[in-house]
Amino acid sequence: MKIVIASSFVPFINGGGRFIVEWLEEKLREHGHAVERFYLPFVDTPEDLVSQIAAFRLIDLSESGDRLIAFRPPAYVLAHPNKVVWFIHHIRAFYDLWDSPHGQRADTLGMGAIRRALLEIDTHALGEARAIYANSQVVASRLKRFNDLDAKPLYPPIFRPERFRHDGYGEEIVAICRVEPHKRQMLLIEAMQHVRTGVKLRLIGKASNPAYALEVQTRLRDLGVEDRVAFDDRWISEEEKVERLAPALAVAYLPRDEDSYGYPSLEGAHASKGVLTTTDSGGVLELVEHDRNGLVVEPEPEAVAEAMDRLYADRARAARYGEQNLARVGELNIDWAHVVEALTA
């Protein structure tokens, strides 16, 4: 089959939104398909939102390939008679974050009209697809709630999971992800004030805003935990990621209301590490079950610190969580063969 895969991207911002597209391209090729991948730049500033979506809609791919697989908004407005969507998330500021401190405000001039237009566009364009898959049940539920559209969860695997290995359970809890306020590295840092064991923390990732990275460094210094927390403010290679995770005690992933379980959780599973997360982490809770393959605690520094101490003091528990986290991946059918079969059916 000749397949076009298309998504939007924010220039100079890397991360899971691109990985899922590029990894799928390679896996489709491995299964014998001819693939053409392209990205279109998209910045969701309210004043440019509708005009950018209109530009996407003007691109007609009807004669380009046998199938279109679309990802991030608004790539799914592209025209093709055989369109399948692997839906990653809405433009959340106008959906589940609407009229909240983290989204657009209903009382701001013009925002209500933009929101109504966006909901109508999304519902129509997504409704054109022959099938809609979501990267989590959380996202599928949002599609049903806001657009009255049904989607099947199709969990995204990671690329070449066999490269990860397990070298025991050391002293470090490792958190590898973008450094952003909603990823809540600050919560982990604040928890380190309250730990009573020799547990250590390693934060790895690049902040999109250099000022926030400086804020993290300042917080480490002000709380006096610099000797127990390593902060690597940079992107690391996949090879270095393997080396950091192999001897880790566990992984930590504490986002606020994440769309999916997040690659950090899945990478931890393939390295046989349990996951420390919080009760409000959203899609992470589709993978992590409390006291089975990790710990799910309240998003408070003291509760996070207690969980970190528990992992450090009971390595047998940490090992059990790691083994069960890898088993959980199989239970949820998180593998590329399943993904390719679904998207090409």
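The values are calculated or read from the model by the stated rules, or taken from the named source; none is laboratory data. Quick caveat, the model's predicted, so the values are computed rather than measured. Glycine gets a Cβ as well: all are built from the backbone with ideal geometry, and neighbour counts include every protein chain shown. Only protein heavy atoms, including side chains, enter the accessible area calculation; ligands, DNA and RNA are left aside. Shrake-Rupley method; radii C 1.70, N 1.55, O 1.52, S 1.80 Å.
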Discussion item. With a 1.4 Å probe and all protein chains left in place, how much of the accessible area of the stretch 22-118 comes from carbon and sulfur atoms, in whole percent?
Written reply: 52 percent
Response to the item:
At q = 0.08, 0.12, 0.21 1/Å the base-10 log of I(q)/I(0) from the Debye formula over the alpha-carbon atoms of the stretch 135-283 is -0.24, -0.54, -1.35
Item to complete: Using the Karplus curve 6.51 cos²θ - 1.76 cosθ + 1.60 with θ = phi - 60°, work out ³J(HN,Hα) for each residue of the stretch 28-38 in order, rounded to whole Hz, and write x for Gly and Pro.
Response: 5, 5, 4, 8, x, 8, 8, 10, 10, 10, 8
Discussion item. If I stretch the segment between residue 131 and residue 345 completely, what's the gain in nm (0.36 nm per residue apart, minus their alpha carbon distance), one decimal?
Written reply: 76.1 nm
Worksheet item: Out of residues 5 or more away from residue 282 or on other chains, whose amide H comes under 5 Å of its own, with H placed 1.01 Å from N in the peptide plane?
Response: 257, 258
Worksheet item: Each residue of the stretch 187-200 in order: what ³J(HN,Hα) in whole Hz does its phi give by Karplus 6.51 cos²θ - 1.76 cosθ + 1.60, θ = phi - 60°, with x for Gly and Pro?
Response: 5, 5, 4, 5, 5, 5, 5, 9, 5, 10, 10, x, 4, 10
Worksheet item: Expressed as an acute angle from 0 to 90° and rounded to the nearest 10, what is the orientation of the C-alpha long axis of helix 46-57 relative to the principal long axis of the chain?
Response: 60 degrees
Worksheet item: Ordered by packing density, taken as the mean number of other Cβ atoms within 10 Å over each peptide's residues, highest first, how do 66-73, 122-129 rank?
Response: 66-73, 122-129
Worksheet item: Please state the Cα pair-distance histogram of the chain with 20 angstrom bins from zero: what percent is in each bin?
Response: 30, 56, 14, 0
Worksheet entry | Local electrostatic count, residue 81, Cβ distance below 13 Å [Lys/Arg +1, Asp/Glu -1] | -1
Worksheet item: the stretch 12-63: D in µm²/s via Stokes-Einstein (Kirkwood Rh, Cα pairs, 25 °C, 0.890 mPa s)?
Response: 183 µm²/s
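What's the local net charge at residue 305, with K and R +1, D and E -1, over the other residues with C-beta under 12 Å away?
-3
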Response to the item:
Relative contact order in percent for the stretch 188-345 (Cα pairs under 8 Å, 6+ apart) equals 24 percent
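Mind checking the dipole of the stretch 260-345: about its Cα centre, +1 per Lys or Arg Cβ, -1 per Asp or Glu Cβ, Debye to the nearest 20? Intermediate values should be presented prior to the final figure.
On the way: 7 positive and 15 negative charges, 70 e Å.
Its charge dipole is roughly 340 debye.
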Item to complete: Could you tell me what percent of the accessible area of the stretch 119-201 is made up of carbon and sulfur, with a 1.4 Å probe and every protein chain present?
Response: 47 percent
Discussion item. Modelling each spin label as a point 7 Å along the Cα-to-Cβ direction, I'd like the residue 257/residue 100 distance in nm, to one decimal.
Written reply: 0.0 nm
Worksheet entry | Computed lengthening from residue 331 to residue 51, 0.36 nm per intervening residue step minus Cα-Cα distance | 96.5 nm
Worksheet item: What value, in deg cm²/dmol to 500, does the helix sum -39500 (n - 2.57) over DSSP H runs of n ≥ 4 give at 222 nm once divided by the residues of the chain?
Response: -12000 deg cm²/dmol
Item to complete: Over the stretch 263-345, average the accessible area per residue using a 1.4 Å probe and give it in Å², no decimals.
Response: 35 Å²
Worksheet, complete the sentence: Between residue 2 and residue 117, the FRET efficiency computed from the C-beta separation at R0 = 51 Å comes out, to the nearest 0.05, as 0.95
Fill in: Under-15-angstrom lysine pairs by C-alpha in the chain, whenever the two are 8 or more apart or on separate chains
6
Response to the item:
Karplus ³J(HN,Hα) for the stretch 288-305 (6.51 cos²θ - 1.76 cosθ + 1.60, θ = phi - 60°; Hz, whole; x = Gly/Pro) runs 8, 10, 4, 6, 10, 10, x, 10, 10, 10, 5, x, 10, x, 5, 5, 5, 4
Practice prompt. Enter the accessible area per residue of the stretch 137-233 (Å², integer; probe 1.4 Å; all protein chains in place).
Written response: 47 Å²
Worksheet entry | Cut-off 12 Å between beta-carbons: net charge of the residues surrounding residue 226, Lys and Arg +1, Asp and Glu -1 | +2
